[in-house]
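Notes for the one structure printed next.
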Amino acid sequence: MTIRKWKLTVAAVLVAAVMAGCTDPTVVPKSTVTTANIFTDPGSYRAFLARIYAGLIVTGQQGPDGNPDIQGIDEGFSEYLRLYWYLEEVPTDEAVIGWNDPGLPTLNTDTWGASNNMVNAMYYRIYFQIMLANEFLRQTVDDSLAARGQSDLMNEVHQYRAEARFLRALSYWHGIDLFGNIPLVTENDPLGSTPPKQATRDSIFNYAVSELKAVENDLPAVGPDSYGRATKPAAQMLLAELYLNAGVYTGTPQWSEALAYADSVITSGHYSLNPVFRDNFTADNNLSPEIIFAAPQDGSHTQTWGGMTFLVHAGCGGNMDAADYGMDYCWGGYRLKQQVYNLFTAGDSRGAFFWTSGQTVNVDSIGDFQYGTAAPKFTNKNSDGTDVAQLTMISTDFPIFRLGEAYLIYAEAAVRSNTNLGQALTYVNDLRERAFGDATHDITAGQLTVPFLLNARARELLFEARRRTDLVRFGMFGGNSYLWAWKGGVQGGTGIPETMDLYPLPANEIIANPNLTQNPGY
């Protein structure tokens, strides 16, 4: 069953609305049901797993708002991927957003502190996901299934367990990437015990890697019913991402492992580059042969003010026509900064959707939409230009992993380790030939360098929530070696402490949990 069909079960999911005590990730989310009745229906296992998947998109127990998962922030802002996008894009050379909602102004200017609303909500959203996965795993051991007289479900539930472990590893990746040393809590930790201890970044890295390797062969096979679900190639992509950043997370680069896992995805035979780049970001992008793992969103069944609803509406403003993007109105939110805009050259289809009419290139003002290039990469129209049924809530899926990035992971790992350079060059030129329509813009072996690849990632992965992680890995986020508009709160950019390569743990967490040590600089 595809995850798009699973969406229909989310409204009836039997798990909880509000995290019980956000300051204690050993506490399971509250529920109005008990284990005595929740699993009497075998479909409950699937519904529970669907809710964990849906946690990447939905914000509560009714869409689009009204019964939120986490407290202390407007529900529309509390959506997982919207928060993750903010933290990955807004503090960098790619995006600026002209709103004054709590937490956004200091993300725009790289001046946040330990009480930033968006940063804190991302931390809690990560642990909400982890706690859902942990509880699912507690309730689905073989002994519990046997005690319920459901031994015949074991094979099916074993696969579900593998998917829950993948989703937990995904959130732990986001956790160590954004926050560094954080608590490691699993299904084996007792509920309601003492506050969790802080684990080192490298130990959680090793845990996530071991989990993914343990489950990759138990995940659903790639096929018509696996879209939006964790498959073996999705696990291999997550492993490639972890290994790509291993030098940041553990102090020891692991380029050969990153290359090997990217290669496994590329050569799996399941995916190919979509010949039309933009079709990866349309309302029917579930048909793209390139997308490996996505967070599906449907305007009728997964309604939220976050996710793609945010990304499509907020990328439109000024004198743009909302109908051109398959929606009813523009929010006038984020724009592209000049530093990355200037990386695109004429003829590159990856910049063909840029809107410059009435816009300036330079972001001389944060609050005015006309400053900066409008860059509506995501659209609510189908690839053939037709509209979908819902014009307010968006039906485009967010591509978490796609083949184009696998090519770039392979290339970077190859260049940094000085291996497989010929194949790396081929993959990079494959992307450039798709972008420009022919081989006239191919690069030579001498041009395939580490700085070139940082810029290549900016062009290929614009607004796909990778930029901050990339700048940190390349040593160009904190410090003053690379400046961009409004870095450090200065229009032309100024240096920021390298300690800002990590976000702070929420101030309330530090107060509530004596086992936690705040990140340096906060």
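General observations
- Note on region 47-114: dipole from Cβ charges, positive end direction compared against Asn100, Ile57, Asn67; the farthest Cα belongs to Asn67.
- Region 326-453 - percent relative contact order, Cα under 8 Å, separation 6 or more: 21
- Relative contact order for the chain, counting Cα pairs under 8 Å that sit 6 or more residues apart, in percent: 19
- Counting protein heavy atoms only, the chain has 50 percent of its accessible area on carbon and sulfur, 1.4 angstrom probe.
- The modelled label-to-label distance for the pair Gln71/Ser417, using points 7 Å beyond Cα in the direction of Cβ, is 4.8 nm.
- For Gly299, nonlocal amide neighbours, meaning residues 5 or more places apart or on other chains whose placed amide H falls under 5 Å from its own, are Ser395.
- Residue-averaged [θ]222 nm for the chain, counting only DSSP H segments that reach four residues, each worth -39500 (n - 2.57): -12000 deg cm²/dmol
- Ranking Leu219, Phe310, Thr282 by Cα position along the charge dipole of the chain, where only Lys, Arg, Asp and Glu carry charges on their C-beta atoms, puts Leu219 farthest toward the positive end.
- Computed lengthening from Thr111 to Ala221, 0.36 nm per intervening residue step minus Cα-Cα distance: 35.1 nm
- R0 of 56 Å, Cβ-Cβ distance Met154-Asn319: FRET efficiency to nearest 0.05: 0.40
- The label point for Ala147 and the one for Ile511, both projected 7 Å from the Cα toward the Cβ, are 3.9 nm apart.
- Magnitude of the charge dipole for region 439-522, about its Cα centre and with charges confined to Cβ atoms of Lys, Arg (+1) and Asp, Glu (-1), is about 120 debye.
- Multiplying the residue separation of Thr426 and Ala445 by 0.36 nm and removing their Cα-Cα distance gives an extension gain of 5.9 nm.
- Net +/- balance of residues flanking Arg467 in space, Cβ distance below 15 Å, scoring K and R +1, D and E -1: -3
- In the chain, lysine pairs closer than 24 Å at Cα, eight or more apart or cross-chain: 10
- Calculated from backbone phi, Karplus (6.51, -1.76, 1.60) coupling profile of region 420-430 in Hz, x at Gly/Pro: 6, 5, x, 5, 4, 4, 4, 5, 4, 6, 4
- Histogrammed with a bin width of 10 Å, the alpha carbon distances of the chain distribute as 4, 19, 31, 29, 13, 3, 0 percent, first bin at zero.
- Stretch in the chain that is longest and holds no trypsin sites (Lys or Arg not before Pro) that DSSP places in a loop and that have at most 16 other beta carbons within 10 Å: 198-522
- Accessible-area order (highest first, 1.4 angstrom probe) of the listed residues Glu498, Glu241, Glu156, Glu216: Glu498, Glu156, Glu216, Glu241
- Which of Tyr341, Leu132, Asn508, positive extreme of dipole for the chain (C-beta unit charges): Asn508
- Global form of region 240-281, assessed from the alpha-carbon gyration tensor, a/c cut-off 1.5: oblate
- For the chain, the solvent-accessible area of protein heavy atoms averages 34 Å² per residue (probe radius 1.4 Å; ligands and nucleic acids excluded).
- Under a 5 Å amide H cut-off, with hydrogens placed 1.01 Å from N, Thr373 pairs with Leu336 among residues at least 5 apart or on other chains.
- Nearest-10 value in Å² for the accessible area of Thr59, using the 1.4 Å probe: 0
- 5 angstrom amide H check on Ile292, placed H, neighbours 5+ away: Phe401, Arg402, Leu403
- Simple Cβ-charge dipole of the chain, Lys/Arg +1 and Asp/Glu -1, about Cα centre, in debye nearest 20: 400
- Only Lys, Arg, Asp and Glu carry charge here, each on its Cβ (+1 for the first two, -1 for the last two); on that basis region 97-212 has a dipole of about 200 debye about its Cα centre.
The values are calculated or read from the model by the stated rules, or taken from the named source; none is laboratory data. Being a predicted model, the structure only gives us computed values, none of them experimental. Quick reminder, even Gly has a Cβ in these numbers, built from the backbone with ideal geometry, and neighbours come from all protein chains shown. Areas reflect the complete protein model, heavy atoms only, side chains present, ligands, DNA and RNA absent. Shrake-Rupley method; radii C 1.70, N 1.55, O 1.52, S 1.80 Å.
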